[in-house]
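Every number in this text was worked out from the coordinates using simple rules, so none of it is lab data. Values in this document were obtained by computation on a predicted structure and should not be read as measured data. No Cβ is skipped: glycine too gets one built from the backbone with ideal geometry, and neighbour counts run over all protein chains shown.
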Amino acid sequence: MSNQGKVDCGRRRLIVATAAVGGVGAVGALVPFVSSLLPSERAKAAGAPVEVDIGKLAEGQMMTVEWRGKPVWIINRTKDMLATLPKLDDKVADPKSEVASQQPAYAANPTRSVKENLLVVIGICTHLGCSPSSKFKAGAEEGMTADWLGGFLCPCHGSTFDFAGRVFKAKPAPTNLEIPPHVYLTDTRILIGEDKKGA
């Protein structure tokens, strides 16, 4: 082989090696760029459905979970709590839950729930976004009026809600507390944020 052939062969190897290193470098630089365009794990989790175990939620108790950065209350209502609802129909602003944006169609019923005893509701007042406090005891014991039957009080501006999250008349909150989409996976597990399986 001539010296010219040896030089060409060496030059080819050098060009191929340089191109390969350049290609690897370009891919290496591209990976972080493409990754930056994908949603982070935190961002995905913020909008992802939340699975909740309610197996130990006793009657009369409430638990709070977070979904999309919002508190979601799950309340295992007693028979006494449920019995207050029809008594308040003339005192709440939307007794039949007719504002469709406040709950999925399967929760537009007297208890605003899939299962009568279990209320799943976003714990944010529809007035200015404060979080109401639970005032479950009837009467004046928790600082409410003597005719109070139990429910929730927003301490910021005084909006009150019953055990179905329905707002009382003449209060600052314009609508009932919002019911998020949810589905029961089993008798003791709820998926909040998704209702593809229906109610």
Check your understanding: Between segment 57-107 and segment 150-192, how many Å separate their Cα centres?
Key -> 5
Exercise for review: Determine the alpha carbon to alpha carbon distance for each of 91/171; 87/169; 56/196; 56/115 and list only those over 18 Å.
Suggested key: 56/196
Practice item. Would you please give the FRET efficiency between residue 57 and residue 157, computed as 1/(1 + (r/R0)^6) with r the Cβ-Cβ distance and R0 = 30 Å, to the nearest 0.05? Key: 0.50
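Can you tally the net charge around residue 170? Count Lys and Arg as +1, Asp and Glu as -1, for every other residue whose Cβ sits under 14 Å from the Cβ of residue 170. Mind showing how you got there, number by number?
On the way: positive: 91, 166, 169, 171; negative: 90, 94.
Net charge in that neighbourhood comes out at +2.
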**Study point:** Length-normalised contact order for segment 43-199 - Cα pairs under 8 Å, 6+ apart - percent
**Key:** 25
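About the Cα centre of segment 45-192, what is the dipole size in debye to 20, counting +1 per Lys and Arg Cβ and -1 per Asp and Glu Cβ, all else neutral? Intermediate results must be reported in sequence, preceding the final value.
Working: 16 positive and 16 negative charges, 25 e Å.
It works out to roughly 120 debye.
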Point to revise | Normalised convex hull volume, segment 71-112, alpha-carbon set, Å³ per residue | key: 95
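Within a Cβ distance under 9 Å of residue 88, other residues only, what is the Lys/Arg minus Asp/Glu net charge? Can you show the working numbers first?
Numbers: positive: 87, 91, 166; negative: 89, 90, 162.
Around residue 88, the charge tally is 0.
Based on alpha-carbon positions alone, could you give the equivalent ellipsoid semi-axes of segment 45-192 from the gyration tensor, as √(5λ), descending, whole Å?
Largest first, segment 45-192 gives 23, 17, 15 Å.
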